[in-house]
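The structure appears right after this line, and notes come after that.
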Amino acid sequence: MQVVHHIAELRQALAGPRPAFVPTMGNLHEGHLALVRQAKATGRPVVASIFVNRLQFAPHEDFDRYPRTLPRDAELLQGAGCDLVFAPDEREMYPVPQSYKVHPPAGLGDILEGEFRPGFFTGVCTVVMKLFQIVQPGVALFGKKDYQQLRVIEGMVRDFAMPIEIVGGETVRAEDGLALSSRNGYLSDTQRAEALALRQQLLAVVEAVRSDRSAIARAEATAMQALRDRGWQPDYVAVRRRTDLAAPLDAGDALVVVAAAKIGTTRLIDNLEL
Ligand code: PAF
């Protein structure tokens, strides 16, 4: 496996078929590695990128303390079958301030995560568009844990007629059910134990809505309150259509419940399809 830091080197290394691409911000866990294995199964060469993208962090967020763990990440990627790692620095990705940006539509980009992290999806779309131009993948894989991000990228690729198949990977969980996330490392032992409550509340919503579809609003409010009672600061718990994350309209809509909440200073997200 080769690790390159420059666009020119990457282009040289990528002479063959269009690769399967796993974009990441590093500090990798089993969720990323599962995507790499899924990428490998396509039979294409596998490229992963590691770049902590300043554009998707608000000034008060954790850009500076986001863990940079390249040597360990490279070892893990090699073990998972990755062929090439692109790990640019900021000067390589943004040699001049990025003034052309990709703005997702408000109906999808400004709701849920976009409401609580204004500009987040513009930052994500802009860097992913740029990475796609650099890597020219045939397939790109994104974890379903970032459910809205997956839908936003699918929409971008569709609207720009990009010849890239977007594949979602299932959320990988710790044995006790906590969704793996690079941010779990911020949790103290007590918070790590408490973090399970987020998924428990999602499960409660799933159960309530499965047995009574008209109980969506009540189930969402109950979960929000239960989290508050336990000391969390929930941003949202919302049952949405899987396809576009709009509020469900028809009885036949396939649904997902998505949630974001802070425990201490750490903001966690999770979701369950129902
Ligand atoms: O999901 C992430 O890690 C990031 O949002 C991504 C897709 C690598 C863009 O920076």
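The values are calculated or read from the model by the stated rules, or taken from the named source; none is laboratory data. Remember, it's a predicted structure, so these values are computed and weren't measured experimentally. Positions of Cβ are generated from backbone atoms using ideal geometry, with glycine treated the same way; all protein chains shown enter the neighbour counts.
Being in a loop (DSSP other than H, G, I, E, B) and in contact (Cβ under 8 Å) with a residue 60 or more places away in the chain, is that true of even one residue in the stretch 138-147?
Yes - at least one qualifying residue is present in the stretch 138-147.
With at negative phi and more than 12 Å from the ligand (Cβ to nearest atom) as the only criterion, which of VAL52, VAL22, VAL96 stands out? Can you show your working first?
On the way: VAL52 fails: more than 12 Å from the ligand (Cβ to nearest atom); VAL22 fails: more than 12 Å from the ligand (Cβ to nearest atom).
Result: VAL96 is the single residue among VAL52, VAL22, VAL96 that is at negative phi and more than 12 Å from the ligand (Cβ to nearest atom).
Taking the stretch 88-114 as the search range and keeping residues that are free of Cβ contacts under 8 Å to residues at least 40 places away in the same chain and assigned to a helix (DSSP H, G or I), which one is surrounded by the most Cβ atoms within 10 Å (Cβ to Cβ)?
Filtering the stretch 88-114 for residues that are free of Cβ contacts under 8 Å to residues at least 40 places away in the same chain and assigned to a helix (DSSP H, G or I), the one surrounded by the most Cβ atoms within 10 Å (Cβ to Cβ) comes out as GLY114.
Select, from ALA219, ALA215, ALA238, the only residue that is surrounded by 15 or more Cβ atoms within 10 Å (Cβ to Cβ), within 19 Å of PHE116 (Cβ to Cβ) and hydrophobic (A, V, I, L, M, F, W, C). Outline the logic, then answer.
On the way: ALA219 fails: within 19 Å of PHE116 (Cβ to Cβ); ALA215 fails: within 19 Å of PHE116 (Cβ to Cβ).
Every option except ALA238 fails the conditions.
Please count how many residues of the stretch 195-214 are part of a helix (DSSP H, G or I) and either modelled with pLDDT under 95 or not aliphatic (A, V, I, L, M) (or both).
If we filter the stretch 195-214 for residues that are part of a helix (DSSP H, G or I), which is where we start, we get 196-211, 213-214.
Keeping just the survivors that are either modelled with pLDDT under 95 or not aliphatic (A, V, I, L, M) (or both) gives 199-201, 207, 210-211, 213-214.
So the answer is 8.
Of the conditions (1) assigned to a helix (DSSP H, G or I); (2) in contact (Cβ under 8 Å) with a residue 12 or more places away in the chain, ASP235 satisfies every one except a single condition; which number is it?
Of (1) assigned to a helix (DSSP H, G or I); (2) in contact (Cβ under 8 Å) with a residue 12 or more places away in the chain, only one is false for ASP235: (1).
Of all residues in the stretch 138-151, how many are more than 16 Å from ALA20 (Cβ to Cβ) and more than 10 Å from the ligand (Cβ to nearest atom)?
Residues that pass the stated criteria total 4.
One residue is enough: does the stretch 108-116 have a residue meeting the conditions under 24 Å from ARG242 (Cβ atoms) and within 11 Å of the ligand (Cβ to nearest atom)?
Residues of the stretch 108-116 under 24 Å from ARG242 (Cβ atoms): 108-116.
Still in the list and also within 11 Å of the ligand (Cβ to nearest atom): 113.
Yes, some residue in the stretch 108-116 is under 24 Å from ARG242 (Cβ atoms) and within 11 Å of the ligand (Cβ to nearest atom).
Looking only at the stretch 127-137, filter to residues that are more than 9 Å from the ligand (Cβ to nearest atom), in contact (Cβ under 8 Å) with a residue 60 or more places away in the chain and part of a helix (DSSP H, G or I); which one of those is surrounded by the most Cβ atoms within 10 Å (Cβ to Cβ)? First the steps, then the outcome.
Going residue by residue through the stretch 127-137, those that are more than 9 Å from the ligand (Cβ to nearest atom) are 129-130, 132-137.
Next, only the ones that are in contact (Cβ under 8 Å) with a residue 60 or more places away in the chain stay: 132, 134-137.
Imposing the further condition that a residue be part of a helix (DSSP H, G or I) reduces the set to 132, 134-135.
Values: PHE132: 19, ILE134: 19, VAL135: 23.
Among residues in the stretch 127-137 that are more than 9 Å from the ligand (Cβ to nearest atom), in contact (Cβ under 8 Å) with a residue 60 or more places away in the chain and part of a helix (DSSP H, G or I), the one surrounded by the most Cβ atoms within 10 Å (Cβ to Cβ) is VAL135.
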